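Before any comments, here is the structure.
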Amino acid sequence: MAKKNDDFFVEKKPWSKVKDELLGCYLKPYVAKILYTRKPLAYVDCFAGKGKFDDGNPGSPLIALDIFQQGLAATKLDGNARIGAAFIDLNYASDLETNLSAYKGIKIVPGAYEDNIDDLLKSKTGCNVFLYIDPYGIKALDCTKFDAFANGQFNTIELLINMNSFGFIREACNAMGTKFKIDDSGFFDDLVEYDPTILDATDKSIEALNRIAGGDYWKDIIARYKSGEIDGYKAEEYFSEQYCQRLSESYKYVLNMPIRIQQNQHPKYRMIHATNHPDGCVLMADNICNRWELLKNIQNSGQMTLFQETFNNQIIDEEKISEYVIEHFSQCFGWTSLTEAQAVFFVKYGAICKTGDIAKALKKLEKAQRLEVMRNPSLTEKGKPSTFMTEGHGKTVSVRWVK
Ligand SMILES: C[S@@+](CC[C@H](N)C(=O)[O-])C[C@H]1O[C@@H](n2cnc3c(N)ncnc32)[C@H](O)[C@@H]1O
């Protein structure tokens, strides 16, 4: 059985604030948008915790429920907006009952995510499903389950996963008979939530890791680490990249977000967002950029930096964005939906800039007649040519590269 890690809930640590902030910042615009599909939202916090930290700070359940209340109050859909929220926890169902008692119509499920999720989702065919997956460790992250969720039974499906990628590498090293060493000796100590699985060098362990990773591609990474060809940080980076590639066999848009607390620090783990919905991917990427400053100030020192300056540790500027935009949009040989092209851009380069920055670069290309843009409606109410470069609210944009 997973250890309870009771200390985790004594006080909300910066790591948890970062995760919850990311979730909350995303859920607000997500709810506003998803309710307009007029299909119910089925939200499941699969590793919900206590609902509230002992220091009074809200946990992920309270954060989500407050957002749902506000979202429902703000919608003009009258009775047509429906949200069903469920909270699973192996150890804290009674705390959840107490801490969430003010909210009606929610479901609290005592037990393990892996034993309950299929049943819970059985009745959700045709719904918009969002799963928040924030375990202590890695062992419940069965990749084949994630594949099954994407089988088309839901209107939309999104996963936000806390992937303890260093934890995976450490266990994979154990299973392959080597020790994982990195220069930061306290690396795992301040991840209070990390629950080591302690795998040994047996076929059973290899099978467990294959199930989590969704294949055995990780073995080659560990072999390269073992031979000294790459260090532990590189091993984690390669594993995360390939894990996202594996997820993209089932989910078209997968965003890989390294989480760091100090500037210039290596990431401690990854938040991974997977969806088949381009709007969701663009929303998540935009949201990360928009809330970056706020997230930076979570630690009082104000020194926290959540994400690498860019995916490649470079400072991103207008020129660089323009270069990437040309590189990417020059592949749009036929008419392509702008949102779809943006989602693929973010999957490729990461959440390196806002959609507004992409739009700015695209408008320059349109002016230079290197990009054709088809807008609907093509004229404004006053009969002038439309110039918008965002989709939604009855507006569509398609783009095609000219030269
Ligand atoms: C990192 S904490 C979740 C914190 C929560 N997201 C928050 O912000 O308050 C992980 C939770 O997973 C629970 N847990 C451990 N193994 C589980 C399992 N197999 N299924 C469901 N919950 C589990 C633990 O009791 C713990 O409350």
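Structure data summary
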quantity	calculated
Helix 355-367 vs. the chain, principal-axis angle (Cα, 0 to 90°, nearest 10)	30
Phe47 long-range amide H proximity, modeled H, under 5 Å	Ile88, Asp134
Pairs from Lys13/Lys395; Lys39/Lys364; Lys145/Lys348; Lys354/Lys403 whose Cα-Cα separation, in the structure shown, is over 31 Å	Lys13/Lys395; Lys39/Lys364
Per-residue HN-Hα couplings for region 270-286 [Karplus 6.51, -1.76, 1.60; θ = phi - 60°; Hz; x = Gly/Pro]	10, 9, 10, 10, 10, 7, 9, 10, x, 4, x, 5, 5, 4, 5, 5, 5
Electrostatic dipole magnitude of the chain [Cβ: Lys, Arg +1; Asp, Glu -1; Cα centre; debye, to 20]	1560
Top positive-direction residue, dipole computed over region 318-401 with Cβ charges, set Val325, Ala361, Leu379	Leu379
Flagged links, alpha-carbon separation over 20 Å, of Lys12/Lys104; Lys19/Lys52; Lys252/Lys367; Lys28/Lys50	Lys12/Lys104; Lys252/Lys367; Lys28/Lys50
Val10 accessible area, assembled protein chains, probe 1.4 Å, Å²	80
Full-extension gain in nm, Asp142 to Trp335, via 0.36 nm per residue minus C-alpha separation	65.7 nm
Which of Leu27, Gln342, Cys173, positive extreme of dipole for the chain (C-beta unit charges)	Gln342
Cut-off under 5 Å, modelled amide H: who pairs with Ser386 long-range	Leu379, Thr380
Cα-based helix-to-principal-axis angle, 203-213 vs the chain, degrees rounded to 10	20
Highest average packing first - 317-328, 38-49, Cβ atoms within 10 Å	38-49, 317-328
3J(HN,Hα) from dihedral phi, region 134-145, Karplus parametrisation 6.51/-1.76/1.60, rounded to Hz, x for glycine, proline	10, x, 6, x, 10, 5, 8, 7, 7, 5, 5, 5
Cα centre as origin, Lys/Arg/Asp/Glu Cβ charges: region 318-401 dipole, Debye	260
Amide H contacts of Lys52 (H built 1.01 Å from N, under 5 Å, at least 5 apart or other chain)	Gly59
CD proxy at 222 nm, helix term only [per DSSP H run n ≥ 4: -39500 (n - 2.57); per residue of the chain; nearest 500]	-12500 deg cm²/dmol
Nearest 10 degrees, 0 to 90: helix 165-175 Cα axis against the chain principal axis	40
Mean shadow area of region 318-401 over all directions, Cα convex hull, nm²	5.4
In Hz, Karplus ³J(HN,Hα) per residue of region 147-153 (6.51, -1.76, 1.60; θ = phi - 60°; x = Gly, Pro)	4, 4, 4, 8, 6, x, 7
Relative contact order, percent, the chain [alpha-carbon distance under 8 Å, six or more residues apart]	13
Rg/Rh (Cα only; Kirkwood hydrodynamic radius) as it applies to region 1-154	0.95
Global form of the chain, assessed from the alpha-carbon gyration tensor, a/c cut-off 1.5	oblate
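The values are calculated or read from the model by the stated rules, or taken from the named source; none is laboratory data. Predicted model, so just to flag it, every value in this text is computed and none were measured. Please note: Cβ atoms are built from the backbone with ideal geometry, for glycine as well, and neighbour counts cover all protein chains shown. Areas reflect the complete protein model, heavy atoms only, side chains present, ligands, DNA and RNA absent. Shrake-Rupley method; radii C 1.70, N 1.55, O 1.52, S 1.80 Å.
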